[in-house]
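The values are calculated or read from the model by the stated rules, or taken from the named source; none is laboratory data. Just so we're clear, the structure is a prediction, and the values are computed from it rather than from any experiment. Using ideal geometry, Cβ is built from the backbone for each residue, glycine included, and neighbour counts are taken over all protein chains shown. Just so you know, the surface numbers come from the protein's heavy atoms only, side chains and all, with ligands and any DNA or RNA stripped out. Shrake-Rupley method; radii C 1.70, N 1.55, O 1.52, S 1.80 Å.
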Amino acid sequence: MPEEKLKAALSIVQVAVPTPLRRKFDYLLPDDIDSEQVLPGMRVLVPFGRTKQIAVVLAMAAKTDIELKKLRPIVKVLDKKPILPTDIIQLLNWVATYYHHPIGEVFQAALPVHFRKKESASTQEQRLWFLTEEAKKADWDCLKRAVRQRSILEQLKKYPEGLTKEQIASEQEGQWQSALKTLQKKNWLQEQVQAHIPYQYCLPDSASDTAIIKNPGLSLNEEQQSAVANLLSRDDYFSASLIDGITGSGKTEVYLSVIEQQLNNARQVLVLVPEIGLTPQLIYRFEHRFSVIIATLHSGLNNTQRMKIWQQAASGEIRILIGTRSAVFTPMPDLGVIIIDEEHDLSFKQQDGIRYSAKDIALVRANYADIPIMLGSATPSMESLYLCQQEKMTHLKLRQRAGKARPPEVHLIDIRGQYLQHGMSRTLIDLIKQHLAKENQVLLFQNRRGYSPVLLCNKCGWISHCHRCDAKLTYHRQRNHLRCHHCQIEQPLPAQCPECGHGDLSQLGVGTERVEKVVREIFPEIEVIRIDRDTTQRKGAMQNLLEQARDGKQQILIGTQMLAKGHHFPNVTLVAILDIDQGLYSVDFRAPERLAQLIVQVSGRAGREEKKGQVVLQTAHPEDEMLNTLLSQGYAGFAANALAERKAILLPPYAYQALIRAEANHINNYQAFLEYCFQTMSAIKQNLSSKSDVQFLGPVPAPMEKKAGKFRGQLLVQSSQRKELHRILQDLIWNVELTKAAQRVRWSIDIDPQELY
Ligand code: ADP
Ligand code: ZN
Ligand code: ZN
């Protein structure tokens with residue numbers, strides 16, 4: 001093609017190709033494809049090395065920096081209309097730049113799987129299993145002894161839209177495959193090949209005039225009213241607000257009022273939550289209040305289900321989308337407000353692959369779309385409080401419990417000099433007795449599952465180490481084995497010390513299994529419910545246990561972190577955290593923040609209704625300053641102190657961090673890579689302005705250097721200037737990406753790391 005013609009026509013196609021290279025790729029538009037047929041957001045097939053790849057068009061251009069004769073033409077256009085709207089393309093571009101992540105991988109991660117795999121959306125198919133009509137009518141009681149068959153039927157009953165074999169496998173154990181065959185032979189199950197519905201992104205029809213409200217809201221108290229008034233006064237341009245309200249202060253009612261307004265304005269609503277499984281009550285309240293289409297997007301869905309929701313949100317059919325972090329990428333053409341519930345929660349940060357913060361992406365999205373965003377929490381993150389200090393976010397406080405509930409009393413139990421019965425002090429046991437005697441429930445919180453975290457030989461001092469990790473093996477009593485919680489290997493419980501043969505092995509430390517055992521011994525007549533990852537593996541198990549807990553009286557609930565979030569237990573009047581000391585002296589500067597959040601969140605489980613609650617914390621450090629500030633001045637007082645401290649020693653949010661991680665089969669390789677990064681960045685820094693305050697901490701071994709047989713190290717980069725930090729990382733990547741040192745390790749960059757390991 002002659003140069004002049006190229007200049008005039010948009011004949012360069014700039015695309016994102018799924019590859020670990022951090023760049024965009026240019027291709028030529030072949031003569032037989034009209035440039036109007038190719039729009040940003042469409043998929044095209046491109047030659048890539050010796051293969052062909054599905055790429056997403058980012059832009060059409062008239063020129064390129066690459067020599068024209070080196071460009072190859074695209075093979076074909078796969079979509080008739082864009083599958084991604086321009087606002088999402090813009091957002092994904094930001095994600096790739098900000099997180100220094102390969103743009104092709106960013107696009108790939110944001111698209112439903114169906115779009116990534118096959119060439120044409122219309123040729124995709126999936127084998128799904130369904131219950132037959134015969135099975136639906138049959139009496140399943142005749143299967144009482146065929147446990148597997150019964151379990152598969154129960155599973156499929158919950159999914160009328162069908163399940164793939166992999167999805168069935170994820171919930172079944174043992175000989176489920178033969179059970180499946182038997183059911184098929186009986187004609188109770190059938191397998192169907194289903195083409196997935198080809199998707200086209202299209203703008204919705206103008207708002208339909210169907211009803212929006214199913215049930216009116218509560219009449220709001222003064223604090224809620226003023227929060228809502230404030231939010232509604234800024235409902236059609238970008239603004240960020242933090243709804244800082246204790247558990248039960250009526251934050252959800254505030255969201256609902258703002259949502260109502262947005263729905264009336266024919267806008268869509270995106271709600272991000274930490275974990276769908278933990279928020280059934282939230283979803284119930286949305287459905288109770290509104291008659292519009294509400295959908296939830298989370299990891300429990302199969303690809304077809306995800307695809308469908310994606311389409312319906314993109315077409316405007318779904319008006320309220322409630323989802324976990326990846327839902328932030330869902331196209332929503334009428335988006336009017338974004339809400340992030342429990343904004344302090346760590347799950348909004350993805351900890352592998354693209355280490356993005358859905359919260360930060362949501363803020364950017366709201367900014368681009370010029371719409372309000374609301375973050376809610378009883379225990380706001382330091383980052384959000386800092387934004388409020390800087391007046392980049394509006395701080396809306398709810399300080400009273402809405403309705404009848406009263407805040408609980410919190411106090412410490414000094415365990416120094418007390419005999420602990422498997423982790424429980426005399427004082428605590430007496431308290432439990434008192435609360436049970438009043439027909440109430442007690443919640444015991446222990447953030448460690450299994451029976452005991454260490455097994456020790458009383459003669460030679462041997463300790464149950466994992467040979468693949470720098471970690472100890474936890475003893476699980478129920479399954480009678482040792483398990484590593486980091487690499488998941490399991491070993492039978494040794495009958496005697498593997499080192500010296502001595503038979504006297506002690507179980508050190510207390511996990512939830514052990515708490516359950518001792519509680520059952522002390523209170524043999526009381527029902528005990530344990531909720532942790534071990535007791536809730538099967539689908540529906542969590543729900544069952546929660547229902548049991550909600551209905552019951554005089555029960556003892558035992559749980560890990562899982563119980564700290566979102567659940568309401570109206571009959572719980574005593575909450576005890578058995579061990580808070582682990583969190584008090586951690587190397588992570590965020591540990592106090594996490595501990596304070598945990599204490600406040602767990603406390604929020606007590607006394608939610610008419611009954612006043614009591615919260616007790618067992619500690620050997622009752623003099624601890626942070627604890628005492630938290631108890632006397634509440635979370636707000638704690639947060640003010642914590643922020644002042646971080647400001648004084650220049651830690652986030654007063655400084656910006658990035659963590660470079662590397663992992664290899666040999667220590668030398670990760671060390672060499674990180675050393676290379678360190679040297680390269682030091683050299684770059686020399687060339688930067690003299691004022692640059694970029695600092696390097698490391699390279700150092702990761703806090704758990706060996707994990708699953710691999711050796712890990714890290715290098716922390718910090719600056720008070722975000723721009724400088726990103727400049728230096730950008731230069732580093734250019735220098736390091738293709739080096740031998742980089743090829744010998746798995747490495748990643750974590751921008752704004754939340755956990756320093
Ligand atoms: P949060 O989300 O802050 O934990 P919720 O919105 O769930 O608070 O409210 C806690 C409880 O108080 C709920 O049972 C809710 O129905 C009730 N509630 C909230 N606002 C009001 C109000 N204005 N009047 C009466 N009850 C309310
Ligand atoms: Zn020994
Ligand atoms: Zn391990």
task = Sort the stretch 209-286 into rounded, prolate or oblate with this rule: let a ≥ b ≥ c be the square roots of the eigenvalues of the Cα gyration tensor; rounded if a/c is under 1.5, and if a/c is not under 1.5, prolate when a/b is larger than b/c, oblate otherwise.
result = rounded
inquiry  = Could you report the accessible area of Arg722 in Å², rounded to 10, computed with a 1.4 Å probe on the protein chains as they sit in the structure?
reply    = 100 Å²
ask   = In vacuo Debye scattering of the chain, one point per C-alpha: log10 I(q)/I(0) at q = 0.05, 0.08, 0.09 Å⁻¹?
value = -0.30, -0.79, -1.02
inquiry  = For the pair Glu409/Ala591, report the inter-label distance in nm, with labels modelled 7 Å from Cα in the Cβ direction.
reply    = 3.1 nm
task = Kindly report the accessible area of the stretch 3-117 per residue (heavy atoms of protein chains, probe 1.4 Å, no ligands, DNA or RNA), in Å².
result = 49 Å²
task = Compute the signed sum of charges (Lys and Arg +1, Asp and Glu -1) over the other residues within less than 11 Å, Cβ to Cβ, of Asn687.
result = +1
ask   = To one decimal place, what Kirkwood hydrodynamic radius in Å is obtained for the stretch 125-195 from all pairs of distinct Cα atoms?
value = 12.1 Å
Square roots of 5 times each gyration tensor eigenvalue, C-alpha, the stretch 3-117, largest first, Å = 22, 15, 14
task = With everything on Cα atoms, drop me the angle between helix 358-369 and the longest principal axis of the chain, reported from 0 to 90° to the nearest 10.
result = 40 degrees
remark   = Here the convex hull volume per residue of the stretch 87-176, taken over Cα atoms and given in Å³, is 159 Å³
ask   = Percent of accessible area on the stretch 629-746 owned by carbon and sulfur, 1.4 Å probe?
value = 50 percent
key: Extended-chain gain in nm, criterion 0.36 nm per residue less alpha-carbon gap, Thr164 and Cys487   = 113.5 nm
query = Pulled fully out, how much extra length does the chain show between Glu134 and Arg234, if you take 0.36 nm times their separation in residues and subtract their Cα-Cα distance?
reply = 30.4 nm
key: Separation of the Gln743 and Glu547 label points, Cα + 7 Å toward Cβ, nm   = 5.8 nm
key: Number of Lys pairs (Cα under 24 Å; 8 or more positions apart or on different chains) in the stretch 222-398   = 8
key: Semi-axes of the equivalent ellipsoid for the stretch 561-608, Cα gyration tensor, largest first, Å   = 23, 10, 7
task = Using per-residue counts of other Cβ atoms within 10 Å, averaged over each peptide, order 642-651, 80-89 from highest down.
result = 80-89, 642-651
remark   = Amide H neighbours of Ile246 at under 5 Å, excluding residues fewer than 5 places away on the same chain, with H built from the backbone geometry, are Leu398
remark   = FRET efficiency for Asp32 and Gln175 from the Cβ-Cβ distance with R0 = 56 Å, rounded to 0.05, comes out at 0.50
key: Pairwise centroid distance, computed over Cα atoms, of the stretch 313-392 with the stretch 424-494, Å   = 36 Å
query = Given H placed on each backbone N at 1.01 Å, which residues far from Ser11 in sequence or on other chains put an amide H within less than 5 Å of it?
reply = Ala61
query = Projected onto the charge dipole of the stretch 1-87 (+1 at Lys/Arg Cβ, -1 at Asp/Glu Cβ, origin at the Cα centre), which of Ala9, Gln37, Thr64 gives the Cα projection farthest towards the positive end?
reply = Thr64
ask   = Binned at 5 Å from 0, what are the whole-percent values of the Cα-Cα distance distribution for the stretch 351-501, short to long?
value = 2, 6, 9, 10, 10, 10, 11, 12, 12, 9, 5, 3, 1, 0
Rounded FRET efficiency, nearest 0.05, which uses the C-beta distance separating Ile526 from Val147 and R0 of 35 Å = 0.75
note = The lysines whose Cα lies under 28 Å from the Cα of Lys185, excluding any fewer than 8 residues away in the same chain, are Lys136, Lys137, Lys144, Lys157, Lys158, Lys165, Lys539
query = Going by the alpha-carbon gyration tensor, a ≥ b ≥ c the square roots of its eigenvalues, is the stretch 370-429 rounded (a/c under 1.5) or, if a/c is not under 1.5, prolate (a/b greater than b/c) versus oblate?
reply = prolate
Per-pair calculated FRET efficiency, R0 = 51 Å: Glu623 and Ala59 via Cβ, rounded to 0.05 = 0.25
CD proxy at 222 nm, helix term only [per DSSP H run n ≥ 4: -39500 (n - 2.57); per residue of the chain; nearest 500] = -10000 deg cm²/dmol
